[in-house]
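To start, the structure under review is shown below, and the notes come after it.
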Amino acid sequence: MEKFQDSGPRGLEFETPELYLGDACREHISPSVEECHLPGLGVALTLDYKPDAADEAVSPLVSYVSGLLLGTNSKVRTWFSMFIRNGQQRKRESSSVLWQMRRQLLLELVAILPRSRSTHVPNDGDVEEEGGSGYSGLREEHVVKASALLRLYCALMGIAGLRPTDEEAEQLLQLMTSRPPATPAGVRFVSLSFCKLLAFPTLVSTPEQEQLMVMWLSWMIKEEEYFESAAGVSASFGEMLLLVAMYFHSNQLSSIIELVCSTLGMKIAIKPSSLSKMKTIFTQEIFTEQVVTAHAVRVAVTNNLSANITGFLPIHCIYQLLRSRAFTKHKVSIKDWIYRQLCETTTPIHTQLIPLIDAYINSILTPASKANPEATNQPITEQEILNVFQSSAGQADGSRAGRQRYSITTQLLILYYILSYEENLLASTKQLALMQKKPKSYSAALMDQIPIKYLVTQAQGLQQELGGLHSALLRLLATNYPHLCLVEDWVCAEEVTGTLPLLRKMMLPSNTCRYTQRQLHQAFQKLPSGSPRLMRILEHLTLLSPGDLIPYAEALTASMALLLEPAVPRRILQTANKLWMGLNTVMPRRLWVMTVNALQPSAKLLRQQRYTQNDLMVDPLIVLRCDQRVYRCPPVMDIVLHMLNGYLLASKAYLQCHLKETADFDRQSQTVSSLGVPGQPDTPEVTREELKNALLSAQDSAAVQILLEVCLPSSEEQQLGATTDSLLRSIRGPVPGKSKQGSLGPAAKGGVEAAEPEGGLLSDLREVQCLICCLLHQMFIADPNIAKLVHFQGYPQALLPLTVAGIPSIHICLDFIPELLAQPQLEKQIFAIQLLSYLCTQYALPKSLSVARLAISVMGTLLTVLTRAKRFLFFMPTLPCLVAFCQAFPPLYDDVAALLVQVGQVCSSDVATKARDIDPFIARLQYLKEKPLEAVVSGGRPCKLTLPQKTAEELGGADPDVQLCYCIEATFMDIISCTLHGL
């Protein structure tokens, strides 16, 4: 009996047909079945077999025939089916084996019928009358046998083609419409009876039988809740009734056939046309569409719904009704039922949950018909959503008891609902605008209270149990929250959750002292004298998981400004940075807001000006309006740059969403308001998009310009010897041609640059410069237009050595330097040539050679068109750049020398018109051009021609053309010196 009760949804599977027979019978039947000969012999032997002990469950005949027709051997099944079909073609004889088998099965069927329902007994029946004629229900001990008989008759009729007699049809209908006790086996029996009724509707032929069937179906509807609660099963026959009714209403007859075959556990050929009578009864008498929707809302949700619960559940019914828009059509609210079901879920996730949420969102945003735009479902309220996340990790209390109120599956499903709802709302703005309908979006305050990153991190470790939910959440995050999908965050998460941190935590002794948030706060207040105690606390916190660090986040961020005080040990700064990065993997958005507010300048802190998440997304540059000491504290600056990068991405997503939310509705309202007003043009959509892009570009370029300004050494740092070109020198070696302000003579330039000042490569400024260059490199790769915009705006020339050497992606500037040279502004042309000189030194590529040749040509052209004043302003800063061109590309020497001589001729002629040329300038230039190697001796000192030494004060008071002449001559000598140095 246990075999049939535990058989699952398909149930009642039989093994070999001779399993339940005696040894003597098996000896005769086994060869017959194996060889597919003499089918009547097996049946006859089974009929003659009398078991030693009476079995109240299933008779040997039912077991044998069921094993033949429902076994896995298709050859045996076909062989026995032919025996049934051929036996029916002959004239009915009481002595035939088939007739005796059918009579025996009918006797067994009648024997288990309730006494009040056994209205007819076969002619030769010798069934003993039992007492208690008032018993009208199917006995509990007969339920399994009744289920086995039903499946056997289904196999005989559906597989073997048995045509039941009127007598058999009557008794079968009586058995099918009997009422079993409320047990799991009783639920299974009712489901089988219902599916047999759908598979063989010809059993109902008279009006009386039809009325009996309707009464039985009505009883099923009335008693299904009691059966489900009393039997203790999650999948009751009520859901099957509801599902079949919905399929009938939506005319999905193939789905009904699939459901019937799945429940019966056999493949039966059912014609869709045979279901027409049942469809009429279901849709017009029992389950009208309004009754279906009203009944579905009252169906109890499945407790602890998971993929382990098989069968047809209420969720299948609700999903079909949502797809057919039955709830909105009949104004039935389904929101509460869906919310309760989402709260009653666990892992592994049920496959129907995500399609259910998608269908529910569609029914909220898309009306059932254009004629009735209000026919939509209600969304889940913000308070209901908050109740799910109120005690989750990342919230204020952080208590262990509160976290278990709702399962992680529930929280992830609600998160998926919110993100998918917002995405679909943005995608449907055009259709909603046409219908003058604007569903409400969830507020930013709600989203701030949901620990999105923590939940996604948790989901990453449950991918097997969550199916496709984790990947769906990642897709939604990448679209709506790109700042939570930074690559460096995922890399940092691997460092926090990897093998080495796990081994470190395993080595943590169990009796380690636990520190409270208050103790951490007090230790910060005693800096720098209390550094050892603070270091012990921070080192202990590094052994905790990111989720366990959440309660310490407020104490850590609130004391962040104290780390900027002088004499704070570097190890404390690095450990605090490590803890912050760990917290960033689970609660980035709250952590960023707290950190930005904690790092405000002291003047703002006194005014208690607190920024919100929305403020930072609207204006990401708030991050850089922090205490100035941050700019020389590399571990804290690393945190600020991380937040800045995140908020720049968040601002892009925020503005994009805002544009989509308002564009279609504004355009629709403008169209309506402009009706009847001739000559009023509509605002084109491209204008709004361009304005948004312009704002984003302005934000990015402003951030880059501020960061570049941070790289400039202060006056105190300059006094200590810090420079911005030392990075280029450290990589490329000494750069000839760097002019000293004190002298323009070659003697001042021929030697190697001074050594790097002490602390230059190990200073805070250098480390901050490297961090900033790393971020700018990422920004330029992500959007090359930022690099173009920043370089068209320009920045101090003193930063060029740093940017060219520190930003690997800056070589993309070679693409737009020709365009920059073509700008009419003189300062942009000068900046382009200076930038190109450093790029040629750093990247001596064929492309650099062609751009350098173009720059020399442009300089020659400008010489002919510039006025005297502009000529001085242009050539004084650009002539030293020719040294770098020649150093990177020696073939350019002839062009550069010709340009220098040409500039010298123009300048000397202007000088000659005003005063006598004391120095034979042009002669010296010609000599340097024709015989450069003879102009110097080994060591780089002038031999035949000595340049007049002029101090900066003397040159400053001289005529501009005179200054330019000496600059040209100094450039010539620098080119010759670098050539000899290269040899």
Next item on the list: Spot the failing condition for Thr280; the list is (1) assigned to a helix (DSSP H, G or I); (2) hydroxyl-bearing (Ser, Thr, Tyr); (3) touching a residue at least 40 places away in the same chain (Cβ under 8 Å), and only one is missed.
Entry: (3)
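For segment 36-58, which residues satisfy the criterion of being under 17 Å from Leu98 (Cα atoms), small (Gly, Ala, Ser) and either at pLDDT 70 or above or under 58 Å from the mean Cα position of the chain (by Cα) (or both)?
Residues of segment 36-58 that are under 17 Å from Leu98 (Cα atoms), as a first pass: 36-49.
Of the ones still in play, those that are also small (Gly, Ala, Ser) are 40, 42, 44.
Within segment 36-58, just Ala44 meets the criteria.
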Check: If Lys329 satisfies every condition in (1) more than 28 Å from Phe248 (Cβ to Cβ); (2) modelled with pLDDT under 80; (3) surrounded by fewer than 17 Cβ atoms within 10 Å (Cβ to Cβ) but one, which is the exception?
Finding: (1)
Next item on the list: Note down all Cβ pairs under 8 Å where the first residue falls in segment 892-912 and is within 18 Å of Cys881 (Cβ to Cβ), the second is open to solvent by less than 20 Å² (accessible area, probe 1.4 Å) and among the polar types (S, T, N, Q), and they're at least six residues apart or on different chains.
Entry: Leu900/Thr971
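Consider Pro801 carefully, then state whether it is in contact (Cβ under 8 Å) with a residue 12 or more places away in the chain and either farther than 23 Å from Asp700 by Cα or assigned to a helix (DSSP H, G or I) (or both).
For Pro801, the condition - in contact (Cβ under 8 Å) with a residue 12 or more places away in the chain and either farther than 23 Å from Asp700 by Cα or assigned to a helix (DSSP H, G or I) (or both) - is met.
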Note to self: Being more than 30 Å from Leu162 (Cβ to Cβ), open to solvent by less than 30 Å² (accessible area, probe 1.4 Å) and either in a loop (DSSP other than H, G, I, E, B) or not acidic (Asp, Glu) (or both): is that true of Gln320 here?
What the structure shows: yes
Next item on the list: Quick one: in segment 424-459, of everything that is under 29 Å from Asn584 (Cα atoms), β-branched (Val, Ile, Thr) and in a helix (DSSP H, G or I), which residue is most open to solvent (accessible area, probe 1.4 Å)?
Entry: Thr457
Margin query: Please pick out the residue among Thr612, Thr671, Thr687 that is at pLDDT below 65, at negative phi and among the hydroxyl-bearing types (Ser, Thr, Tyr).
Written below: Thr671
Notebook entry, point to check: For the subset of segment 178-203 comprising residues that are of a type in the set (Val, Ile, Thr) and crowded, with 22+ Cβ neighbours inside 10 Å, which member is nearest to Ser276 (Cα to Cα)?
Noted result: Val190
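Here is a yes/no grid of residues against (1) over 20 Å from Gln463 (Cα atoms); (2) hydroxyl-bearing (Ser, Thr, Tyr); (3) assigned to a helix (DSSP H, G or I):
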position: Val291; (1), (2), (3): yes, no, yes
position: Gly311; (1), (2), (3): yes, no, no
position: Ser333; (1), (2), (3): yes, yes, no
position: Ile349; (1), (2), (3): no, no, no
position: Ile357; (1), (2), (3): no, no, yes
position: Tyr360; (1), (2), (3): yes, yes, yes
position: Ser363; (1), (2), (3): yes, yes, yes
Next item on the list: Would you point out which residue out of Ser529, Ser545 is farther than 30 Å from Gln778 by Cα and hydroxyl-bearing (Ser, Thr, Tyr)?
Entry: Ser529
Checklist line | Search result, residues across segment 287-317 that are surrounded by 18 or more Cβ atoms within 10 Å (Cβ to Cβ) and β-branched (Val, Ile, Thr) | finding: Val292, Thr293, Val299, Val301, Thr302, Ile315
Next item on the list: Could you tell me which residue of segment 841-876 is farthest from Leu814 (Cα to Cα), considering only residues that are open to solvent by 60 Å² or more (accessible area, probe 1.4 Å) and of a type in the set (Val, Ile, Thr)?
Entry: Thr867
Notebook entry, point to check: Just to be sure, is Asp336 under 19 Å from Gly467 (Cα atoms), at pLDDT 80 or above and among the charged types (D, E, K, R)?
Noted result: no
Check: Only one residue in Asp682, Asp664, Asp627, Asp638 is surrounded by 18 or more Cβ atoms within 10 Å (Cβ to Cβ), modelled with pLDDT under 75 and in contact with a helix residue (DSSP H, G or I) (Cβ under 9 Å, 6 or more places away or on another chain). Which one?
Finding: Asp664
Notebook entry, point to check: How many residues does segment 402-423 contain that are at pLDDT 85 or above and surrounded by 17 or more Cβ atoms within 10 Å (Cβ to Cβ)?
Noted result: 15
Check: Across segment 96-135, what is the total count of residues that are at pLDDT 55 or above, among the polar types (S, T, N, Q) and under 20 Å from Leu172 (Cβ atoms)?
Finding: 2
Note to self: Give all pairs with beta carbons closer than 8 Å in which a residue from segment 302-322 that is at positive phi meets a residue that is in a helix (DSSP H, G or I); count only pairs at least 6 apart in sequence or on separate chains.
What the structure shows: Gly311/Glu239
Item checked: Candidates Ile781, Ile807, filtered to the one that is of a type in the set (Val, Ile, Thr), open to solvent by 20 Å² or more (accessible area, probe 1.4 Å), modelled with pLDDT under 95 and under 36 Å from the mean Cα position of the chain (by Cα) -> Ile781
Notebook entry, point to check: Just one of the numbered conditions (1) touching a Ser or Thr at 6+ places or on another chain (Cβ under 8 Å); (2) open to solvent by less than 20 Å² (accessible area, probe 1.4 Å) is not true of Gln793; which one?
Noted result: (2)
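The values are calculated or read from the model by the stated rules, or taken from the named source; none is laboratory data. Bear in mind the structure is a predicted one, so any value in this text is a computation, not a measurement. Glycine gets a Cβ as well: all are built from the backbone with ideal geometry, and neighbour counts include every protein chain shown. Calculation scope for accessible area: heavy atoms of the full protein, side chains included, ligands and nucleic acids excluded. Shrake-Rupley method; radii C 1.70, N 1.55, O 1.52, S 1.80 Å.
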